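> Provided herewith is a single structure, encoded as structure tokens, for subsequent inquiry.
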Amino acid sequence: MFKKFTKEDVHSRSNIKSSVQRGLKTKFVSQFEKLEPVIDDIIPKKSQAILIKCEDRIQLYSIDEEVVLFQHFDDLIPTLKVVHKYPDCFPRVQVDRGAIKFVLSGANIMCPGLTSAGAKLPEENLPVDTYVTVYAEGKENALAIGKLLMSTDDIKSINKNIGVELVHYLGDGLWNLTE
Amino acid sequence: MSEILPKEVFYCGVCTFPPEYCEFGLSFKRCKQWLQENNEALFDSIYSDEALANATSTLSVEKQAKISKELEKKQAKEEAKLERELQMKLASKVIIKRIERNKRKHVIEISGLEVFNIDMKKLAKTFASKFATGASVTKNAEKKDEIVVQGDVSDEAKAYIEKLLEEKGLNEVQVVQEDDKKGKKKAALAAAAAALSATGGVPPPAQKTR
């Protein structure tokens with residue numbers, strides 16, 4: 001989504017109302033339930049969030065000059081900076097080492113990269129359309145965020161085609177966006 | 001409920017990735033050097049022989065070799081690109097052109113800034129407030145952005161741009177002032193027209209008409 005993303009894709013910036021900000025927080029928590037204890041650290045109560053509207057109906061929410069989460073249609077997705085800070089709050093999958101290079105150039109993740117020896121999938125089933133953080137074999141931090149195109153059970157059993165659609169990764173336009 | 005504290009992640013100063021991903025970036029060599037200078041402990045944990053051996057263990061040797069070869073190629077390309085860009089930056093010059101609008105009024109036109117990664121819109125805004133005039137960003141005939149400032153402020157603008165470039169460490173870039181009188185422009189136009197009729201309809205190089 002952010003493979004080609006520059007300042008020119010930003011259309012407008014505006015402060016959001018605090019009531020909207022509250023709604024945003026509850027919605028974010030409802031999507032990632034483990035966030036509940038830390039949501040006030042990610043989006044402090046008194047802070048002023050800025051809504052940045054961009055091309056292709058992407059909306060970024062930034063707090064203190066740093067983009068914290070973004071919205072595409074109805075889904076709220078954290079940025080990698082937030083994921084790095086609170087790694088345990090998001091569902092995670094792991095790819096093998098051979099896939100890192102391709103993920104970092106923005107490729108969607110194919111199933112074999114998620115099921116091979118170096119890769120890891122969560123024990124329990126994650127349904128289709130879940131947003132997952134992508135980790136890599138032998139690495140500590142997340143390198144991408146993606147959306148499941150198949151449930152993880154399907155990934156394990158079918159093991160073909162694209163499993164995760166990449167949304168945001170290290171070194172993409174959003175990562176490099178500075179204000 | 002127990003408080004979960006944010007995890008501190010150390011980012012590479014060169015490629016902005018967490019350092020463990022530097023090897024997949026495009027400036028691996030510089031990243032490595034930077035990390036050694038700035039965070040020795042982390043450097044040792046990532047680039048020790050043991051860690052490197054671990055990292056490569058799960059892939060077949062051939063595959064590993066292929067991937068690293070490709071990466072090296074890319075990195076070399078990137079370095080060459082950076083070098084070229086720097087050369088281009090040093091070779092290019094900034095032109096501040098003073099254009100006469102009528103006898104006593106002038107605008108200045110600043111072009112050649114686009115290679116320096118300067119936000120033109122912002123700079124125009126600063127000029128506008130600094131000199132209390134109108135300033136805008138327009139596209140010139142070559143489809144490149146340039147700043148047009150109303151009023152004859154070329155000396156001040158020159159000083160400001162030089163300062164700006166110095167901050168970026170580009171002292172050697174020339175900032176050239178030019179004068180464009182109305183009469184001159186007409187002469188140039190006439191010359192172009194003459195050339196056009198002489199060559200038989202080949203379109204002349206685009207003229208700046210402002």
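The values are calculated or read from the model by the stated rules, or taken from the named source; none is laboratory data. Note that the structure is predicted; figures quoted are calculated from it, not measured. A quick note on method: Cβ atoms are made from the backbone with ideal geometry, for glycine too, and the neighbour counts reach across all protein chains shown. Each accessible area value is taken on the protein alone, full model and side chains, heavy atoms only, with ligands, DNA and RNA left out. Shrake-Rupley method; radii C 1.70, N 1.55, O 1.52, S 1.80 Å.
> Could you check segment A:1-40 and list, in sequence order, the residues that are more than 29 Å from A:Ser105 (Cβ to Cβ), within 14 Å of chain B (Cβ to nearest Cβ) and under 18 Å from the mean Cα position of the chain (by Cα)?
Listed by number, the residues that qualify are A:Val29, A:Glu33, A:Lys34, A:Leu35, A:Glu36, A:Val38, A:Ile39.
> Take the residues in segment B:91-113 that are out of contact with any helix residue (DSSP H, G or I) (no Cβ under 6 Å at 6 or more places or on another chain) and basic (Lys, Arg); name whichever of them is least open to solvent (accessible area, probe 1.4 Å).
Among residues in segment B:91-113 that are out of contact with any helix residue (DSSP H, G or I) (no Cβ under 6 Å at 6 or more places or on another chain) and basic (Lys, Arg), the one least open to solvent (accessible area, probe 1.4 Å) is B:Lys97.
> What number of residues in segment A:34-60 are closer than 18 Å to A:Asn176 by Cβ and open to solvent by less than 50 Å² (accessible area, probe 1.4 Å)?
Qualifying residue count, segment A:34-60: 4.
> Listed residues A:Ile43, A:Ile58, A:Ile100; which is outside the structural domain of A:Lys156 (by TED's automatic domain parsing) and closer than 17 Å to A:Glu165 by Cα?
Answer to the check: A:Ile58.
> Look through B:Glu85, B:Glu23, B:Glu79, B:Glu37 and report the one residue that is within 12 Å of another protein chain (Cβ to nearest Cβ) and either in a helix (DSSP H, G or I) or at pLDDT below 80 (or both).
So the residue among B:Glu85, B:Glu23, B:Glu79, B:Glu37 that is within 12 Å of another protein chain (Cβ to nearest Cβ) and either in a helix (DSSP H, G or I) or at pLDDT below 80 (or both) is B:Glu23.
> Evaluate the following for A:Phe73: is it among the aromatic types (Phe, Trp, Tyr), surrounded by fewer than 20 Cβ atoms within 10 Å (Cβ to Cβ), more than 13 Å from the chain's Cα centre (by Cα) and not assigned by TED's automatic domain parsing to the domain that holds A:Lys25?
In short, no.
> From A:Ile145, A:Ile155, grab the single residue that is in a strand (DSSP E or B), hydrophobic (A, V, I, L, M, F, W, C) and either crowded, with 18+ Cβ neighbours inside 10 Å or free of Cβ contacts under 8 Å to residues at least 40 places away in the same chain (or both).
The match here is A:Ile145.
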